[in-house]
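A short worksheet on the structure shown next.
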């Protein structure tokens with residue numbers, strides 16, 4: 001079947017504006033509160049606490065800034081090992097290195113594509129002195145947060161929950177962004193709601209919130225002049241950015257419902273293909289469905305070889321691979337994306353420790369048995385998975401065409 005390219009590009013996930021945002025931007029302009037103080041910031045912090053159920057929130061310039069301050073609050077020092085999610089964007093782990101820490105990457109599980117609690121427990125057997133764990137909720141799906149929290153408590157470790165992608169997702173009746181000692185959400189341009197930029201540090205500790213707020217405004221002391229007794233940062237959210245976020249908050253649940261509908265349309269459209277959607281545990285989790293992803297069955301993968309920055313594949317009847325599907329989407333003016341390349345595979349982190357389920361560390365020789373094959377979970381998901389166009393402005397008719405384009409790849 002031949003399709004015409006979409007006249008208007010179908011994006012992976014782009015900002016969805018509603019009109020309220022410009023009203024609050026205009027309010028900042030009219031009142032001349034254009035910097036890092038103002039009613040928009042106050043309201044965004046209040047709305048965040050109210051929606052998520054945390055006691056305190058600190059509005060910052062980016063989710064990465066929030067993660068950095070979380071690392072400082074956790075007390076990471078130069079040379080400290082820190083357990084981190086392996087299947088994530090580099091922003092989850094880069095702030096560990098800002099404080100001189102050394103990330104140790106923890107392999108994922110197939111049930112959620114997130115950090116495997118069993119592997120985390122193995123990691124503590126190997127590195128019992130580790131005192132900080134950073135867990136990310138991939139693509140809006142919660143990790144097994146109660147199990148990970150319990151393991152951290154058992155080993156007296158601080159938990160940092162990177163909920164940048166999972167705002168509005170629920171785990172066992174509780175919002176993500178509330179399970180860690182320090183938690184982070186993001187309002188980056190492609191997130192479930194956006195400020196074009198911005199992020200938030202969440203905590204139930206007033207002392208921690210006050211420290212983060214002080215650090216984020218260059219650590220100014222309460223003195224009649226500019227007094228500084230510790231290193232600070234220019235991390236506070238702008239009142240203008242906060243105006244966009246403030247206008248978006250009223251549409252968060254609507255965005256989640258739209259993303260959920262996209263996920264289930266894909267699931268229905270692919271039900272007879274040798275693929276499955278990014279998984280979650282239905283009895284325990286309600287993702288925010290930020291990005292819909294698929295993974296190709298092993299026997300349906302055509303031959304594919306990836307280098308550091310290029311890829312080759314051989315097209316085969318009845319089979320496909322992520323690159324072939326992504327190239328087909330580009331041909332018709334739609335945007336997909338490879339799954340996050342695992343952190344332990346990144347050149348910058350290639351010498352860092354990496355823990356698999358058997359606890360032995362790097363290399364296929366140290367992986368574990370899944371079925372009849374030896375598998376490193378994150379490498380396998382990266383090899384066979386991809387992110388689908390998930391923009392909530394995509395119509396059902398446009399999505400139907402995307403489904404047919406992908407189906408053609410398996411012909």
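Brief remarks follow.
- The slack in the chain from residue 268 to residue 127, taken as 0.36 nm per residue of separation less the alpha-carbon distance, amounts to 46.4 nm.
- Bridges between two residues of region 1-134, per DSSP, are antiparallel at a rate of about 10%.
- Springs join every pair of Cα atoms under 10 Å in this Gaussian network model of the chain, and among 64, 88, 97 the largest mean-square fluctuation is at 97.
- Cα gyration tensor shape of region 132-248, rounded if a/c is under 1.5, else prolate or oblate by comparing a/b with b/c: oblate
- Rounded FRET efficiency, nearest 0.05, which uses the C-beta distance separating residue 348 from residue 204 and R0 of 30 Å: 0.35
- If both residues of a DSSP beta bridge must be in the chain, then about 60% of such bridges are antiparallel.
- Average Cα contact separation per residue, the chain, under 8 Å, 6 or more apart, as relative contact order %: 23 percent
- With a Förster radius of 22 Å applied to the C-beta separation of residue 147 and residue 282, the computed FRET efficiency comes to 0.80.
- Cβ crowding within 10 Å, taken as a proxy for footprinting-reagent exposure, orders 71, 285, 34, 351 from fewest neighbours to most as 351, 34, 285, 71.
- If you wrap region 20-249 in the convex hull of its Cα atoms and look at it from every side, the mean projected area works out to 12.4 nm².
- Here the gap between residue 230 and residue 408, fully extended at 0.36 nm per residue and compared with their Cα-Cα distance, gives a gain of 58.1 nm.
- Within region 74-204, DSSP assigns beta bridges of which about 30% are antiparallel (rounded to the nearest 5).
- Whole-Å semi-axes of the ellipsoid equivalent to the chain (Cα gyration tensor, √5λ, descending): 35, 28, 17
- When peptides 324-334, 22-32 are sorted by average Cβ neighbour count within 10 Å, with the highest value leading, the order is 324-334, 22-32.
- Where labels lie 7 Å past Cα in the beta-carbon direction, separation of residue 252 and residue 110 in nm: 3.4 nm
- When the Gaussian network model of the chain links Cα atoms closer than 10 Å, the mean-square fluctuations of 375, 96, 132 top out at 375.
- Each part reduced to its alpha carbon centroid, region 215-280 and region 310-352 end up 26 Å apart.
- Over region 252-408: Kirkwood hydrodynamic radius from C-alpha pairwise inverse distances, Å: 17.1 Å
- Alpha carbon Rg of region 12-89, scaled by the compact-globule rule 2.2 N^0.38 Å: 1.46
- Result for the chain in a Gaussian network model with C-alpha springs under 10 Å: among 253, 146, 309, the largest mean-square fluctuation is at 309.
- For the pair residue 39 and residue 196, a Förster radius of 25 Å applied to the C-beta separation gives a FRET efficiency near 0.85, rounded to the nearest 0.05.
- Ranked by how many other beta carbons lie within 10 Å on average, peptides 54-62, 133-141 from highest: 133-141, 54-62
- In this label model, residue 154 and residue 398 are separated by 4.7 nm, measuring between points 7 Å along each Cα→Cβ vector.
- Quarter of the Cα convex hull surface for region 45-142, i.e. its orientation-mean projected area (nm²): 6.9 nm²
Every read-out reported here was derived from the displayed coordinates using simple, explicitly stated rules and does not represent laboratory data. Note that the structure is predicted; figures quoted are calculated from it, not measured. Quick reminder, even Gly has a Cβ in these numbers, built from the backbone with ideal geometry, and neighbours come from all protein chains shown.
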